[in-house]
Every structure is written in C-alpha cells, then in structure tokens.
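Nothing in this text is a laboratory measurement; each read-out follows from the coordinates by a stated rule. These figures come from a predicted structure and were not determined experimentally. Quick reminder, even Gly has a Cβ in these numbers, built from the backbone with ideal geometry, and neighbours come from all protein chains shown.
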Amino acid sequence: MESYSTYLDFKYRYRTVSVDHLEELQEDIDKLRREGKLSNNEVYRSYIDSKKFEIPENLPNAKSIIVLAIFSKLALVNFHLDGKKHEIMIPPNYYNDGTTFEDFESLILKEIIKEPGFKIEYTNKLHVKLLAVRSGLGKYGRNNICYVDKWGSMINLFAYFTDFQFKEDNWTEMRMMDQCKNCSICIKKCPTGAIPTPSDENFVINAGKCISVYNEIKGIIPDWVPSDAHNALIGCMRCQKLCPSNREVIGLTEIFEDITEEETKMILDGISDQKLVDSLSKKLKMFTPSEAERVLPVIKRNLSVLVQ
C-alpha cells in the first residue's frame with residue numbers, strides 16, 4: 001500500500017470492512033483475555049475493557065466500518081530553562097494536528113461514500129489498532145503498535161460506522177510486519193522490558209511495563225521506571241524512533257513555538273494563570289484551556305524529569 005490520498009491539507013488512507021466481522025473482532029480480544037495475555041494493569045484494563053465491538057445504537061442499520069489512517073508528524077518543542085534549551089518530543093497521537101472530526105465526516109461523505117443520503121457515526125468504542133490491522137490498512141509491529149506502509153507509526157487512526165454497503169470487504173488475518181521477524185531493535189530499546197522477545201510469536205506487549213500507561217495520567221510514576229527512560233513530554237518514542245519502518249518519516253517533524261524560560265519555570269513550580277494556560281494551549285496543541293487543570297500536572301511531572 002504505497003498510494004495515499006489528500007483531502008484539504010492532510011494525507012489519508014482508508015479501508016472498509018463489513019459489520020459482519022464485529023463478533024470476530026471481539027473474539028480476538030476475548031481470546032487474549034482468556035489466555036491471560038492482557039496485562040492486569042488497572043489503567044490499561046480500564047481502557048481495553050471499555051472497548052466493545054458492537055453496532056452503535058444511533059445507527060442500528062450500520063453495514064460497514066471505515067477505518068482511517070491520517071499521516072501525522074512527530075512534534076518537537078524547545079523548553080528554555082536556566083539559559084539552556086531542551087528539545088522535547090511530542091508523539092503524533094498526543095497533539096492536535098489541525099484536522100477535525102468535521103473534516104473527516106466531509107471526507108468520508110464526499111470522497112469515500114460519494115453517494116447522498118447515507119449516515120456515518122464516529123466511534124471510540126472499537127479497538128482501532130486491531131481494526132486497522134484486520135482491515136489490511138496496517139500491520140502490527142513487535143511493539144504492538146500499528147504501522148502503515150511508508151508512514152510507519154506516524155499516524156492517527158479513526159473509525160466510523162456507516163449504513164452504506166461497500167462492495168469491498170477488506171477483512172484479513174492479523175499480521176505482524178515481516179521486518180519484525182529478524183529485528184530486535186525495539187526490544188533492546190525498551191527501557192522497561194515491555195516488549196516480548198523475538199522467539200515469542202505473540203506481539204502483545206506487557207502493557208503494565210509500558211511508560212505511556214503511567215505518564216499519560218496524573219499520579220506518581222513507579223520507582224522501577226528508570227529516570228533516564230523518559231524521552232517525550234507524554235507517551236514514549238523509544239521503540240519507534242529507531243524502528244526501521246519509521247526511517248523514511250521520523251525526520252519529517254513539526255516544530256512548535258518555543259516555551260519561554262518564564263513559562264517553563266511556572267510549569268515546574270506549579271504556578272498557573274490564564275495567560276500561561278492560553279499560551280501553552282496554543283503552543284503545545286495538547287489541550288484546550290478548559291482541560292488545563294487535568295493536563296498541566298501531567299506536563300509538570302513529566303517535564304521535571306526531562307529537564308534534570
């Protein structure tokens with residue numbers, strides 16, 4: 001899959017599958033649960049257990065699912081502190097790249113369905129990585145991340161139900177990238193040992209050991225996570241940055257406006273006013289002002305480690 005399409009100013013690819021496969025998708029997750037392959041980490045299980053492969057109540061006659069991959073770059077932002085500049089990463093799925101749900105709805109209706117009179121319904125109840133792999137849109141990496149040809153893991157995934165019946169049903173077997181079979185870069189680079197060894201055909205990671213599970217939300221990072229393991233303002237890029245499948249796209253970065261010395265110190269000191277909230281919301285593109293109370297403590301905690 002080397003081709004892509006452009007709508008407005010963003011690049012996208014998509015696949016469609018019939019809703020007849022919802023039970024099979026649910027069984028994929030239930031099987032892992034029965035076999036004890038899913039981490040018992042409370043945060044992870046609250047996420048995975050909330051996913052249900054069911055037709056939405058608002059669209060009971062849904063016939064197809066559309067899964068979109070939107071190309072998104074790794075973002076870089078400089079934080080200034082004590083006369084030094086700290087360049088810090090923000091992974092693609094943690095900032096607003098400018099695309100909107102209105103854009104996606106317009107794209108689907110005008111460029112994908114193309115026929116009037118049909119409805120679509122966005123859903124966040126599906127395990128979208130699994131859906132993307134099962135649709136053939138992408139493949140799993142050894143690190144349990146979905147990769148799309150030529151775009152690697154620099155993507156955001158979205159799923160929509162529709163009452164339109166597509167001729168194409170792109171259902172396929174779950175697959176791991178061929179290049180993962182003889183590669184152990186991500187395993188060696190994971191600072192907490194969350195990724196299974198190459199001899200293990202199972203590409204479900206131990207999510208309870210993944211840094212992202214802890215640094216996405218408020219709270220104390222466990223002591224067993226090494227301080228030098230942290231590498232992004234939120235999330236983790238250790239297993240992705242050196243991945244051969246990201247080689248062509250990892251350097252295509254989005255450069256954000258610098259965070260000033262004053263702003264950096266205010267973040268670290270836990271001092272927040274409306275001026276700072278508005279400025280950070282604009283510069284980091286990670287939250288709206290109304291979400292600052294939830295997000296800023298997370299940024300403060302993570303940033304304090306990264307600028308040590």
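Net charge in the neighbourhood of PHE10 (other residues with Cβ under 9 Å of its Cβ; Lys, Arg +1, Asp, Glu -1) is -2. As a rough guide to protection, the peptides 11-24, 32-45 ranked by mean Cβ packing within 10 Å, highest first, stand as 11-24, 32-45. Lacking any other cysteine beta-carbon closer than 4.7 Å, the following Cys residues of the chain have no compatible partner: CYS146, CYS180, CYS183, CYS190, CYS210, CYS236, CYS243. Between GLY138, GLY208, GLY83, the Gaussian network model of the chain with springs among Cα atoms under 10 angstrom shows the greatest mean-square fluctuation at GLY83. Computed over the chain with a Gaussian network model linking Cα atoms closer than 10 Å, the most mobile of ASN58, ASN96, ASN246 is ASN58.
Stretch GLN308-GLU254 to full length: gain in nm at 0.36 nm per residue minus the Cα-Cα span?
On the way: separation 54, 0.36 × 54 = 19.44 nm, distance 2.43 nm.
Gain on extension, GLN308 to GLU254, equals 17.0 nm.
For the stretch 5-257, how big is Rg over Rh, using alpha carbon atoms and the Kirkwood form of Rh? Over the Cα atoms of the stretch 5-257, Rg/Rh equals 0.97.
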